[in-house]
Each structure stands twice: as C-alpha cells, then as structure tokens.
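Before any comments, here is the structure.
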Amino acid sequence: MVKVDLITGFLGSGKTTFIKKYARYLMEQGQNIGILENDFGAINVDMMLLRELEGENCELEMVAGGCDKDCYRRRFKTKLIAMGMCGYDRVLIEPSGIFDVDDFFDALHEEPLDRWYQIGNVITVVDASLEKTLSKEADYVLASEVANAGCVLLSKTQDASAEEIRQTVAHLNRALQEIHCSRVLKDEVICKDWEDFTEKEFKKILESGYLVEDYEKLYVDQDEIFQTLFFMDEKIAVSKAKHAAKKIFADPACGGVLRVKGFLQDGKNWLELNATQHETTLKPIGVGQDVLIVIGEKLNEEKIRYYLE
C-alpha cells in the first residue's frame, strides 16, 4: 500500500520548505513520491516553489480550490484515486493553511482509497517564534492541526531564543486546553535547525505516525477568518518591497497580517520574497511570476496597497 503523509501547519510556518527537504531525503532512500498541493488561492505560489523537485522520482499534483467544502472533498478524493495508479511509494499532502484533519482521515478510509493507501504520518510545522497574540479562531486552527500530529516540527529554531521556543510550546499546549484536548506536547516536538538534520531526525519523523484525539470541534469558515490579497503585475522594486513589508507588519491599520510572500523580478532574475513579523527573506528562484500575496485576518486592502505603491 502507498503510505500517505499529511503535512499541516499554520500560515507561513514553513511547510513548503520542509517538504522540499523531506522529499529530497525520501528520494535519496530510493522512494518514488507524489506531492499533492491543496491551495485555495488564485495563484499557488507553493506549487511553483516545489517545481524544482519534479523528475523521475517525484511528481507534483494540485487540487484546485475556489469551491464549497463538499466539492473540494470530491476533488480531493478524485485526485487521490488518479494518483493511486502512478506507482508511488509515498504521497505527501500539503493542505491549505486551514484544513480539517478529520477530512483527511475520512477520505482515506473510504473505498477505493482504503485499499490503496495507508496513513503514514501527520506532521505539523510551527514557527518557533509563534505570534503570542492570535485570535480565538486562529488558535483553534492551530490546536486542531497539532492535536492529531505524530510530531510537531518547529521551524526557524536558529532564529529563536530558548525562551521563545519555550513560549511557543506553552502556547500550543494552552491552545489544546482551550479546545478541551487532553494532549500535552512533550517529546513529540522536534526542535533543531533543519540544516543540521541527520538520519536520526528524519527517522523520527518517518516513524512518528499520528494520533486520533478528541477535542471540541468548531465550525470554521476560512473566508471569515483568514484573507488572501493578491497584488499582481505591480512591478515593485526589491528594495521597496522589503521596506513595504516592514511597514505593513508594523501598521495595525493594515489588519492582522501573518505573511507576505511572492516573487519579484530583479533585472533578469527572479527572487522569492517571504516575510513574517520576525523576518524578511529573499532567495533566488529559477522561474517566478510578478505577484505579492498578503495573508492575514481582517486585512485592509486600501492601506496595504498604499505601502506597495
């Protein structure tokens, strides 16, 4: 049977970066893998970032969003049926920033998927410098993803202090308590710079599995909690984009901004922009598209556009 790993994580946590490292490790072990991207945005930036993995041992697929929940579930199941005939050893699924893990479990226990697939691991990626103040709805999303994870992988630990990491784990445990989940995170939290990962860390991830925890379910409408604003063909200079990102995060009038990401053209070269409250990074990328995406809660498009102009 084909093993399936679900990689969840809060918006901007670093899921795509982890998948790139994890996928390369699996391919080095001789595995043929498929990566299924689930994205509700008009432009799937993460899909573009994973293109470099495509080759003889790795294929990329995407489930298009922009529809109601039942329609999305049908598309998700149909895509997995098609992928079940491709001869993969393992499939990695990266959902959108908001995802009900129960939908994942339910789908894989339905025919014919239950004859082809076996749930491997549920891995949740969390920024080691997690925002201290999140809305009740955002905390619920975070806790519901962590509740079933076999391992919780902290990202950007090299940029976080020991106290920030301690506070992040404490925040996760408080969020679990808020949804009346009895789980308390301990040894399942992996806290190490990803660049220093060895066989030991990857083996722990591969053997982490998943949990089925009881907790209080809330109805979450992703469109009411998180917004995604697209700014296309703005031709923003690199220096201006970095400055604008800092201003956007610093100005409460812009809303609860969680992440700014996208691509910028610097002469003939493309750069990937990834900005959070704590840092802004620019990395070369082979192919891009002139777009900046702002993700957050109760966003003020007019105010954000002011800083980008």
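The values are calculated or read from the model by the stated rules, or taken from the named source; none is laboratory data. Keep in mind that this is a model prediction, so the values were computed, not measured. Note that each Cβ is placed from the backbone with ideal geometry, even for glycine, and that neighbours are counted across all protein chains shown.
Quick notes on this one:
- Flag for ALA162 being under 19 Å from TYR215 (Cβ atoms), out of contact with any strand residue (DSSP E or B) (no Cβ under 8 Å at 6 or more places or on another chain), among the small types (Gly, Ala, Ser) and at pLDDT 90 or above: no
- Selection count, the range 10-40, where residues are surrounded by 20 or more Cβ atoms within 10 Å (Cβ to Cβ) and at positive phi: 2
- Selection of first residues in the range 247-271 that are free of Cβ contacts under 8 Å to residues at least 40 places away in the same chain and of second residues that are of a type in the set (D, E, K, R) and not in a strand (DSSP E or B), restricted to Cβ pairs under 8 Å at least 6 apart or on distinct chains, gives the following pairs, ordered by first then second residue: LEU264/ASP290; GLN265/LYS235; GLN265/ASP290.
- So VAL126, is it touching a residue at least 40 places away in the same chain (Cβ under 8 Å), in a strand (DSSP E or B), in the same structural domain as LYS69 (by TED's automatic domain parsing) and buried (at least 18 other Cβ atoms within 10 Å of the Cβ): yes
- Filter result (surrounded by fewer than 18 Cβ atoms within 10 Å (Cβ to Cβ) and closer than 14 Å to GLU234 by Cα) within the range 263-278: GLN265, ASP266
- Filter pass, ILE190 being β-branched (Val, Ile, Thr) and either assigned by TED's automatic domain parsing to the domain that holds GLU272 or within 29 Å of GLU28 (Cβ to Cβ) (or both): yes
- Residue within the range 104-116 that is touching a Cys at 6+ places or on another chain (Cβ under 8 Å) and not charged (D, E, K, R) present: no
- Consider the range 150-206 and keep the residues that are among the polar types (S, T, N, Q) and outside any helix (DSSP H, G or I). The one that is nearest to VAL126 (Cα to Cα) is SER155.
- When the range 251-297 is filtered for residues that are outside any strand (DSSP E or B) and more than 19 Å from the chain's Cα centre (by Cα), the ones remaining, listed by number, are ASP251, PRO252, ALA253, CYS254, GLY255, GLY267, LYS268, GLY286, VAL287, GLY288, GLN289, ASP290.
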